Amino acid sequence: MTKGKEYQNWSEKHRVLKFDEIKGQGHAVIELKKFFDNFPHGKKAILFHGSPGTGKTSLAYIARNEYDFEVYELNASDFRNKEQLEMKLKPALEQASLFKRGKIILVDEVDGLSSLKDRGGLPELIELIDGAQFPIIITANKIWDSKFGELRKRSLLVPFKDVDYRDISVILQGIAKKEGLNLNNQIITSLAVKSKGDVRAAINDLQMIASYNNLTNSSELIPLLDERNKEIDIFQALKIVFKNLLTQDSLRIYDSVDLPLEKIFLWVEENIPYEYSGEELYKAYEALSIADVFRGRIRRQRHWRFLVYQNIFLSAGISLAKKKPKIGFTHYQRPTRVLKIWTYNQRDQYKKSIIIKYAKHTHCSKKKANLEFNFVKSILKNPDVQKRLDLSDKEIKYLKELN
Ligand SMILES: Nc1ncnc2c1ncn2[C@@H]1O[C@H](COP(=O)(O)OP(=O)(O)OP(=O)(O)O)[C@@H](O)[C@H]1O
Ligand SMILES: [Mg+2]
C-alpha cells in the first residue's frame, strides 16, 4: 500500500542525492573518491564514522548514484548466518563478468556487530574485507571500542563531523521551500542550533512543526519548541528515575526540568505502569500516593516546604521501587490528564466569555448570569440570540456541544 503523502518521513524524502549537496563533509567526499580511484590497491574498505545524522549513509548512496554502482547492502543479521551471507553476495560475484557496471558492498551501521566467533559478526566482516573483489563501504557511530581493532586496521578511516548549525539552516531552508513552508529565519536557526549537529533530528523537528499547519508563520512556534524541549528534559529525567538505581543525582533530577512539580507528578503517574510491574508497581504507587498527600497539603495550606518531600517521593521513592536497574527502551507517554485539564480550562473559558456577553446584554451581574447559565443555555442555542450577543464561532461550537 502506498503511504499518504503527508506521512512520508522528510529525512527520507529529502535525502541528499549529489556530492555537492552534502554539507560540511568535503574531506570525506575527497577520501571516498580517492578510495575508488585506487581500488583494488590500498585498503579494501572505507569506514565512515561519526554522530547520527551527519551524512554517512547518504554519502554511500550518493556514490551509488553518481558512479552508477550496483550496491549490495548487508546488515548485521546477514553476518550471523553464513549461508545467508553467501547467498546475498553470490549474484555480485557471478554477474561480475556479465555487466561492466561497478559494484560496491555497503555494510551500514556495524556498531551492533559482535566480536565473538560463534555469535557471528565482526570476524565474518573481516574475512569479507580480506577477500574483497569490490570496494566496501562501512558506516558506524563509534569505532573506538577495542572490539573494532581489526576492522580499524583494515579500513580507511573517515571521520564525519557534526554538521555546523549554519549549514543545517541552509538545508532546512531548502526543504521548507520545497514543501511550501513559510517559516521565519529565527525559527529555522533555533531548530538548527537545537539539533546539535544532527541533520536528521533537525529535519524531523521541521516536519513536526509543519504539521501544525496554521501556526507555520507566526511567532507562536517558539513556545511550542520550548514545550518540546521541556518534554525532552522530562523524558530524560523519567529515564533516570525509572531505569537507574538511586544516586545523589537522581534526587535532584527534577531541578533540571523546567516544569512545575504538579506537572511532573502527572508525568510520573502516567508512566509508572509502563516501567514497573508486580511488587515494583505496588511500591511505586505507594510512593506516588505519599507524594500526593504532600501535594494536597501544599495546595490547601500553602506549606511550600512540603515541596521538598513531594520531590523526594517522586524521585527517590519511585526509583527505589525496583531492586535492579532496568534496561531497554521505554516509550514514555504524555500524561492524558494534562490534556484533559487543558481542554477543560479551554472550554471553561468559552463559558466565561459567553456569560460576560450575556450579562452585558441583559444588564445583570456576571454572578447572576453564571447561576442562570443552566437555565438559559437552551435560549443561547438559538442562532438569533447568538447573533445578537455577537458570539464567536468557538463560543457557538461550545454551546452546541453542551447537552
Ligand atoms: N552533511 C549533510 N549535508 C546535508 N544533508 C545531510 C547531511 N547529513 C545528513 N543529512 C541529511 O540527514 C538525513 C540523515 O542522514 P544519514 O542517514 O546519511 O545520516 P547518518 O550519518 O547515516 O546517520 P546514522 O549514524 O544515524 O545512520 C538525510 O535526510 C540526509 O539528507
Ligand atoms: Mg546511517
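Lys43 - would you say it is away from ligand 1 (no atom under 16 Å from the Cβ), outside any helix (DSSP H, G or I) and of a type in the set (Lys, Arg)? Yes; evaluated as a whole, the condition is true for this residue.
Based on what the data block shows, is Ser190 within 16 Å of ligand 1 (Cβ to nearest atom), open to solvent by less than 60 Å² (accessible area, probe 1.4 Å) and not assigned by TED's automatic domain parsing to the domain that holds Pro52? Answer is no for this residue. Counting only helices (runs of 4 or more DSSP H) that sit wholly inside region 104-189, those with at least 3 residues that are within 27 Å of Asp20 (Cβ to Cβ) are 165-178. Of everything in region 124-139, what is in contact with a Pro (Cβ under 9 Å, 6 or more places away or on another chain) and either within 16 Å of ligand 1 (Cβ to nearest atom) or among the small types (Gly, Ala, Ser) (or both)? Give them in sequence order. Hit for region 124-139 is Ala132, nothing else. Number of residues in region 79-88 that are hydrophobic (A, V, I, L, M, F, W, C), surrounded by 15 or more Cβ atoms within 10 Å (Cβ to Cβ) and more than 14 Å from Ser114 (Cβ to Cβ): the value is 1. Of the residues making up region 41-78, those that are of a type in the set (Phe, Trp, Tyr) and either away from ligand 2 (no atom under 13 Å from the Cβ) or open to solvent by 70 Å² or more (accessible area, probe 1.4 Å) (or both) number 3.
Residues are listed down the side, and each one gets a yes or a no for (1) free of Cβ contacts under 8 Å to residues at least 40 places away in the same chain; (2) more than 29 Å from Pro135 (Cα to Cα); (3) more than 12 Å from ligand 1 (Cβ to nearest atom):
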residue: Leu157; (1), (2), (3): no, no, yes
residue: Lys161; (1), (2), (3): no, no, no
residue: Leu181; (1), (2), (3): yes, yes, yes
residue: Asn184; (1), (2), (3): yes, yes, yes
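For first residues located in region 356-382 and in a helix (DSSP H, G or I), partners that are exposed (fewer than 11 other Cβ atoms within 10 Å of the Cβ) and lie 6+ apart or on another chain with Cβ distances below 8 Å form the pairs Lys357/Asp390; Ala359/Ser365.
Could you tell me which of the residues Ile341, Ile327, Ile355 is in contact with a Phe, Trp or Tyr (Cβ under 8 Å, 6 or more places away or on another chain), β-branched (Val, Ile, Thr) and either in the same structural domain as Lys397 (by TED's automatic domain parsing) or modelled with pLDDT under 90 (or both)?
On the way: Ile341 fails: in contact with a Phe, Trp or Tyr (Cβ under 8 Å, 6 or more places away or on another chain); Ile327 fails: in contact with a Phe, Trp or Tyr (Cβ under 8 Å, 6 or more places away or on another chain).
Just one listed residue meets the conditions, Ile355.
Looking at the structure I just gave you, is Lys367 closer than 30 Å to Ile234 by Cβ, open to solvent by 60 Å² or more (accessible area, probe 1.4 Å) and at pLDDT below 90? For Lys367, the condition - closer than 30 Å to Ile234 by Cβ, open to solvent by 60 Å² or more (accessible area, probe 1.4 Å) and at pLDDT below 90 - is not met.
When residues in region 360-386 are screened for being more than 18 Å from Leu402 (Cα to Cα) and under 48 Å from the mean Cα position of the chain (by Cα), 2 of them pass. Quick check on region 9-40: of everything there that is touching a strand residue (DSSP E or B) at 6+ places or on another chain (Cβ under 8 Å) and open to solvent by less than 30 Å² (accessible area, probe 1.4 Å), which residue is nearest to ligand 1 (Cβ to nearest atom)? Applying the filter and picking the extreme gives Gln25.
The values are calculated or read from the model by the stated rules, or taken from the named source; none is laboratory data. Just so it is clear, the model here is predicted, and its values are computed rather than measured. Please note: Cβ atoms are built from the backbone with ideal geometry, for glycine as well, and neighbour counts cover all protein chains shown. SASA here: full protein model, heavy atoms, side chains in, ligands and nucleic acids out. Shrake-Rupley method; radii C 1.70, N 1.55, O 1.52, S 1.80 Å.
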